[in-house]
Amino acid sequence: MNLPNAENLIESLKNKINEMIDENTVLIGVQRGGELILQKILPSLGSAVATGSIDTSFYRDDFSSRGLKIKNKPSKIDTEINGKHIILIDDVFSSGRTVRAAMNEIFDYGRPDKITLAVLIDRNEQELPISPQICIEKISLSKNQHLELVLDENKKFTFHLKESHV
Amino acid sequence: MFNPQLNNKGNLNHLLSIEGLSKEKIIQILDTAESFLKIGERDVKKVPILRGKTVCNVFFENSTRTRTTFEIAAKRLSADVINLNVATSSQSKGETVLDTINNLIAMNADIFVVRHSSSGAAHFIASHVKPNIHIINAGDGNHSHPTQGLLDAFTIRKYKTNFNNLKVAIVGDILNSRVARSNIHALNILGVPEIRVIAPKTLLPDEIEKLGVHVFYDIDKGLKDADVIMMLRIQNERMDGIMLPSQEEYFKTYGLNQVRLDLAKKDAIVMHPGPMNRGVEIDSAVADSEQSVILPQVTFGIAVRMAVMAILAGQHS
Amino acid sequence: MSILIKNGRVVDPKNNIDAILDILVVDGKIAELNKNLDSKKAKQIIDASNKIVMPGIIDLQLNLREPGNQYKSTLESEMKAANAGGVTGMVCPPDTTPILDEPGLVKMLKNKSEALKLGNVYPLGALTQKLSGKLLTEINDLYESGCIGFSQAEKPIQDTEVLYRSFQYLSTFNLKAFLRAEDAYLSEKGIINAGEISTRLGLKGIQSISETTAINKILEIAHLTKTKVHLNKISTADGLNLVKIAKKNGVKVTCDVSIHQIFLTDNDIGFFNTNCFLKPPLRRESDRIKIIDSIVDGTIDAICSDHSPVNEDNKLKPFAESEHGASSVELLMPLVYKLSEDYKIDLGLLINKITNQPSGILEINKGSLSVNSDADICIFDPEHSWEINSKSLISEGKNTPFFNQNLTGKVSSTIFNGNIVFTGSSVILKN
């Protein structure tokens with residue numbers, strides 16, 4: 001199947017986010033995909049804006065069945081959260097559980113005024129009453145197909161499709 | 001070979017001793033602890049991993065400080081904590097260890113943190129609990145204190161990065177120290193090339209060199225070029241004339257003062273499991289010096305204990 | 001009452017016999033020993049084909065727990081266990097409850113055991129009152145009541161002067177001391193052998209010198225006072241060297257070793273297995289090998305079981321808090337047989353160490369299949385494979401380091417005074 005052009009999607013996302021930024025904004029990337037996107041778009045966002053990254057490992061809802069699997073660096077939010085507008089950035093939105101975990105973690109750091117969820121792709125597999133306010137493209141995939149944002153040798157972003165065998 | 005700490009999938013089911021852990025398992029625990037370190041610096045010092053789980057501190061041997069760090073660690077994982085000072089209650093009424101444990105199991109705790117004055121107690125308890133209950137050994141007699149060994153290894157890694165080029169010296173009552181044994185095992189497994197023990201013969205266990213250490217009776221020789229100095233506590237009972245003549249003589253022959261510290265590397269770190277006997281095994285000034293990492297050890301201890309609990313509780317049958 | 005034991009491999013070290021023979025038992029005595037005896041001579045026939053027929057075993061150290069607490073293990077249960085091990089002569093130490101330091105208690109024990117008709121009990125009397133190592137007991141009186149010798153069980157005499165005097169006294173009446181050589185101070189609070197294992201496990205160690213310094217003391221005093229002494233349960237190579245030298249120098253010393261020391265070392269303690277908590281402690285491999293060599297070269301005169309049944313509750317504790325000892329009388333002969341097979345040692349030499357030689361040490365006329373002697377016989381099936389577990393052990397004590405292991409070789413019948421006191425399920429009696 002034809003996978004979308006990641007570079008283009010990221011460019012669109014950057015523009016949409018740029019329109020929303022003000023002095024009250026904090027950009028937070030969900031590891032790893034969201035964080036990679038944030039690092040890429042940050043230089044071209046007009047102003048110097050506060051950022052952070054979130055690793056949701058400790059807030060997942062599947063600890064009992066999956067155990068503790070830590071693949072990422074620890075969460076890093078060094079800036080004030082209270083009263084801010086958080087733009088939460090991620091690459092692919094599926095069931096909504098990762099975003100729920102990310103939000104729970106953010107609230108342990110403080111009380112934001114508003115959270116906006118901005119993603120490149122929505123897989124149309126929502127399982128919770130959570131959905132992105134900004135979404136560049138929607139695609140449908142089967143449950144065993146996994147979409148991954150990858151940085152290739154030319155420092156360009158592309159999407160890779162992986163099939164898992166259940 | 002049967003390892004009572006692992007379940008049949010090879011995952012850690014109990015933490016009873018460092019002996020028997022692979023290098024990979026230890027590194028996994030240290031890496032996990034690294035992740036938990038940041039949580040202590042936040043406003044909300046909690047993550048919900050053990051929410052709804054119960055951690056029971058069963059201390060047959062008293063220790064407020066160790067018990068407190070386990071309690072903090074459990075609470076930062078959002079677990080419910082119960083403290084049982086068995087030393088003062090049912091044990092003195094003649095109840096056996098096994099009966100005490102069986103009663104506690106009936107209360108449905110998920111993790112038991114156990115401290116006992118008898119070597120092998122943690123192994124004994126672990127062999128009698130149901131498969132989904134996890135035992136953490138908080139110290140059994142002179143045998144093992146694995147979380148201390150892990151937090152000491154974590155501390156060394158923090159300040160020295162690599163294990164494979166270090167000279168580590170452990171000074172003090174090795175004979176009666178479960179901390180020393182756990183440290184020796186951890187450092188050997190992690191590949192520290194030179195581990196030294198420094199003590200008078202009365203405080204050294206039999207054939208200690210077979211555990212992979214170099215023995216020194218002379219502290220000046222033993223501290224030369226050391227990267228890490230681990231001081232052990234000397235208990236009062238040892239200095240009553242039977243094992244050692246006096247506190248003064250011990251400090252003169254084996255106490256860590258600045259002069260001796262200067263024999264080690266310039267950037268050597270000084271560690272101590274606590275509580276310290278200032279002026280007995282360690283000079284007050286040295287304990288408070290810049291080379292001392294004794295207080296950070298306590299902070300790291302909480303993160304390491306969080307890591308152990310999270311890894312154990314994440315085992316599913 | 002007559003029994004014919006047919007076709008067994010008869011091993012009788014005293015009389016130098018190792019051959020396929022029939023044995024006829026009549027009215028409690030061994031009547032005839034020959035090939036192809038007439039079956040009509042006997043009321044009962046035991047087919048001992050492919051089995052070993054040997055004298056009833058004389059065990060120099062087993063705890064019958066009588067007098068005792070009567071909690072679980074009783075005289076009857078443990079004598080029956082001994083029978084299941086082929087044992088008909090039982091030497092028990094004086095550390096009972098109460099301690100065997102009064103003639104009245106000894107007479108009671110003798111009467112009780114004789115009434116059971118399951119074997120001969122040879123009690124060791126306490127050498128000092130309450131075993132406290134200070135004042136002598138009425139040694140002569142105890143001897144007259146039935147004590148075969150005098151012991152301090154697990155409580156060595158600390159005061160050398162007391163040891164010296166007690167030996168002088170024993171020597172006056174030509175009586176024998178049965179002592180376990182251990183220095184009370186060096187072994188105090190010690191739990192297992194001092195070495196790498198005790199360091200790893202964090203358990204207080206007992207040095208070999210605890211045994212050797214004690215052996216030295218005992219043997220020098222025995223030499224000076226010309227006292228007969230038997231050293232129980234030697235566990236160290238160095239200790240065995242001392243005994244060998246003393247024997248050469250004419251000291252009247254004999255010694256035995258516990259069956260556990262032949263097969264196990266401190267390594268077998270593993271993850272704090274309380275079934276391996278023994279006194280003396282399990283030692284090193286080098287000690288174990290020396291023990292086997294010393295059995296072959298004769299330095300060791302006998303092998304005992306050191307049978308010590310312990311309630312399950314008392315073993316289900318952290319190691320140092322548990323009760324020491326292993327239930328072993330039923331495993332003595334199977335393990336002796338295993339020793340013969342595994343190390344290619346002549347079976348007759350080993351059977352000698354549990355029959356004829358113990359008899360010599362006790363100065364009784366037993367431990368053989370001589371014609372006209374008391375018919376105490378053990379029939380052993382070397383091919384019977386069995387698992388050691390709570391069901392297969394008859395003793396009330398199921399505490400053995402060999403628990404859940406398989407052994408090949410089991411006693412199939414035991415005869416005491418011409419009566420069959422034990423029969424395993426595999427034996428068929430014909431009339």
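The values are calculated or read from the model by the stated rules, or taken from the named source; none is laboratory data. Computed from a prediction, not measured in an experiment: that's the story for all the values here. Using ideal geometry, Cβ is built from the backbone for each residue, glycine included, and neighbour counts are taken over all protein chains shown. These area figures cover heavy atoms from the full protein model, side chains too; ligands, DNA and RNA do not enter into them. Shrake-Rupley method; radii C 1.70, N 1.55, O 1.52, S 1.80 Å.
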Practice item. Return yes or no: is B:Glu248 over 22 Å from C:Leu186 (Cβ atoms) and open to solvent by 80 Å² or more (accessible area, probe 1.4 Å)? Key: yes
Check your understanding: Between a first residue in the range B:119-136 that is modelled with pLDDT of 95 or more and a second residue that is of a type in the set (S, T, N, Q) and crowded, with 24+ Cβ neighbours inside 10 Å, which pairs have beta carbons less than 6 Å apart while being 6 or more apart in sequence or on different chains?
Key -> B:Ser119/B:Asn142; B:Ala122/B:Asn137
Practice item. Determine, yes or no, whether B:Leu223 is without any contact (Cβ under 8 Å) to a residue 40 or more places away in the chain, buried (at least 23 other Cβ atoms within 10 Å of the Cβ) and either β-branched (Val, Ile, Thr) or more than 14 Å from chain C (Cβ to nearest Cβ) (or both). Key: no
Practice item. Identify, from the list C:Ile379, C:Ile345, the residue that is in contact with a helix residue (DSSP H, G or I) (Cβ under 7 Å, 6 or more places away or on another chain), modelled with pLDDT of 95 or more and of a type in the set (A, V, I, L, M, F, W, C). Key: C:Ile345
Practice item. Output the residues belonging to the range C:170-198 that are under 23 Å from C:Glu144 (Cβ atoms) and crowded, with 18+ Cβ neighbours inside 10 Å. Key: C:Leu170, C:Ser171, C:Leu175, C:Lys176, C:Ala177, C:Phe178, C:Leu179
Check your understanding: Looking at this structure, is C:Asp293 in contact with a Lys or Arg (Cβ under 7 Å, 6 or more places away or on another chain), open to solvent by 10 Å² or more (accessible area, probe 1.4 Å), at pLDDT 95 or above and away from chain B (no Cβ under 14 Å)?
Key -> no
Exercise for review: Taking B:Met239 as the residue in question, decide whether it is at pLDDT below 95 and open to solvent by 40 Å² or more (accessible area, probe 1.4 Å).
Suggested key: no
Review point. Just a yes or no: is a residue in the range C:370-384 free of Cβ contacts under 8 Å to residues at least 60 places away in the same chain and surrounded by 16 or more Cβ atoms within 10 Å (Cβ to Cβ)?
Key: yes
Review point. If you take just the strands (runs of 3 or more DSSP E) that sit entirely in the range A:100-166, which of them hold at least 1 residues that are within 15 Å of the chain's Cα centre (by Cα) and among the small types (Gly, Ala, Ser)?
Key: A:114-122
Review point. Scanning for something hydrophobic (A, V, I, L, M, F, W, C), crowded, with 18+ Cβ neighbours inside 10 Å and within 14 Å of another protein chain (Cβ to nearest Cβ), does the range B:275-295 turn up at least one residue?
Key: no
Review point. Among A:Val99, A:Val49, which is under 28 Å from B:Ile49 (Cα atoms) and among the aliphatic types (A, V, I, L, M)?
Key: A:Val99
Exercise for review: Can you confirm whether the range C:174-192 contains a residue that is closer than 17 Å to B:Asn176 by Cα and under 22 Å from the mean Cα position of the chain (by Cα)?
Suggested key: yes
Study note, to complete from the structure: Screening C:Leu282, C:Leu335 for residues that are open to solvent by less than 10 Å² (accessible area, probe 1.4 Å) and assigned to a helix (DSSP H, G or I) leaves only C:Leu335
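Where residues in the range A:47-72 are charged (D, E, K, R) and open to solvent by less than 50 Å² (accessible area, probe 1.4 Å), which of them is nearest to the other protein chains (Cβ to nearest Cβ)?
Filtering the range A:47-72 down to residues charged (D, E, K, R) leaves A:55, A:60-62, A:66, A:69, A:71.
Then keep just the ones that are open to solvent by less than 50 Å² (accessible area, probe 1.4 Å); that gives A:55, A:62.
Details: A:Asp55: 8, A:Asp62: 10 Å.
Applying the filter and picking the extreme gives A:Asp55.
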Check your understanding: Can you find a residue in the range B:89-110 that is of a type outside the set (Ser, Thr, Tyr), within 13 Å of chain C (Cβ to nearest Cβ) and under 19 Å from the mean Cα position of the chain (by Cα)?
Key -> no
Exercise for review: Take B:Ile156 and decide whether it is within 22 Å of B:Leu263 (Cα to Cα) and more than 14 Å from chain C (Cβ to nearest Cβ).
Suggested key: yes
Review point. Which of the strands (runs of 3 or more DSSP E) contained wholly in the range B:1-117 include at least 3 residues that are open to solvent by 20 Å² or more (accessible area, probe 1.4 Å) and more than 26 Å from C:Thr199 (Cα to Cα)?
Key: B:80-84
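So, C:Ala153, is that one within 14 Å of chain B (Cβ to nearest Cβ) and either surrounded by 20 or more Cβ atoms within 10 Å (Cβ to Cβ) or more than 30 Å from C:Ile58 (Cβ to Cβ) (or both) or not?
It is false that C:Ala153 is within 14 Å of chain B (Cβ to nearest Cβ) and either surrounded by 20 or more Cβ atoms within 10 Å (Cβ to Cβ) or more than 30 Å from C:Ile58 (Cβ to Cβ) (or both).
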Review point. From the set of residues in the range C:27-72 that are among the small types (Gly, Ala, Ser) and surrounded by 24 or more Cβ atoms within 10 Å (Cβ to Cβ), which is farthest from C:Leu350 (Cα to Cα)?
Key: C:Ala48
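Could you check, for the range C:63-75, whether at least one of its residues is under 30 Å from C:Glu312 (Cβ atoms) and in a strand (DSSP E or B)?
Within the range C:63-75 (the criterion being under 30 Å from C:Glu312 (Cβ atoms) and in a strand (DSSP E or B)), the answer is no, since none of the residues qualifies.
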